[in-house]
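Heads up: the structure comes next, in structure tokens.
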Amino acid sequence: MKIHNLFPLSKLTFKYFLPFSILIQSPLCFSADVGDQSFNKVLPITATGEISPAMLYQQADSIGRGVMLALAIFSVICWAILIVKIFRLWTERRKLTADLNIISGARYEAIPLTKLGAISQQILMGVSLELHNRMTNDTDEHVSERITSRLFFYESRVIRSLSRGTGLLATISAVAPFIGLFGTVWGIMHSFLSLAQSGTTNINVIAPSIAESLYATALGLAVAIPAVIFYNFLSRLVNDYQILLHEVSLVIRDYTETMKRQ
């Protein structure tokens, strides 16, 4: 049956619907398996009665497999970001805590830079540079403003570096459910195509395909939920580190100004 008979549209409207009609009739759009393979699928259940993800993947078509692979890759990325960020934040926090103890206990004694971490060294050198380059006509207020600006720059740069990658967790948590939903819609469409081609209303014909489509939704949620949890957890760790970093900056500032007055 021609499209003209299905849709009594004008020639102008048909001109814009023609590319879409060609797309939905193309093999790329209906890349789901049709024929005997669609009807010979078995329920993805193991001998113990559990659902087999491997069987769901093997029986899925190219689009379904692509959705599952994409979600699996997203899951690996989320866990990798979590592990790397936790290790880095733990290491940096331990260094800052040690530096805070050293500077707080030094009082009026000179501290070798080698005893401090890289971040504390940069802060100490920056504050010392501002105090050393103080002009004769500079007031204490002007010098204090320049030191505050320099400390803010250092702290912002460190926090931005530590937060790099956490935004990807937020993106994955927002996108993963929709990717799973796409796989579900595609699988259900595939199921109804199989049902129409079989010429029967037996639920056993479409049950495996429906299971595959619902598995895509479950997989999308299984990726999105941990991503949200990881994002909130890392954000809290970064905020705690920022508070500690600001405290170290203030202690270094007080220490440097005290040593400068001597």
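The values are calculated or read from the model by the stated rules, or taken from the named source; none is laboratory data. Keep in mind that this is a model prediction, so the values were computed, not measured. Cβ coordinates were reconstructed from backbone atoms using ideal geometry, including for glycine residues, and neighbour counts include every protein chain displayed.
Listing for the model above:
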| quantity | calculated |
| --- | --- |
| Flag for Ile188 being surrounded by fewer than 16 Cβ atoms within 10 Å (Cβ to Cβ), of a type in the set (Val, Ile, Thr) and over 25 Å from Ile102 (Cβ atoms) | no |
| Residue list for segment 146-171, filter: farther than 14 Å from Val238 by Cβ and either of a type outside the set (Ser, Thr, Tyr) or outside any helix (DSSP H, G or I) (or both) | Arg146, Ile147, Arg150, Leu151, Phe152, Phe153, Leu168 |
| Residue within segment 141-149 that is modelled with pLDDT of 85 or more and surrounded by fewer than 16 Cβ atoms within 10 Å (Cβ to Cβ) present | no |
| When residues of segment 73-130 are limited to those that are surrounded by 11 or more Cβ atoms within 10 Å (Cβ to Cβ) and of a type in the set (Asp, Glu), the one modelled with the lowest pLDDT | Glu130 |
| Output for segment 191-202, where each listed residue is surrounded by fewer than 16 Cβ atoms within 10 Å (Cβ to Cβ) and either at pLDDT 90 or above or not in a loop (DSSP other than H, G, I, E, B) (or both) | Phe192, Ala196, Gln197, Ser198 |
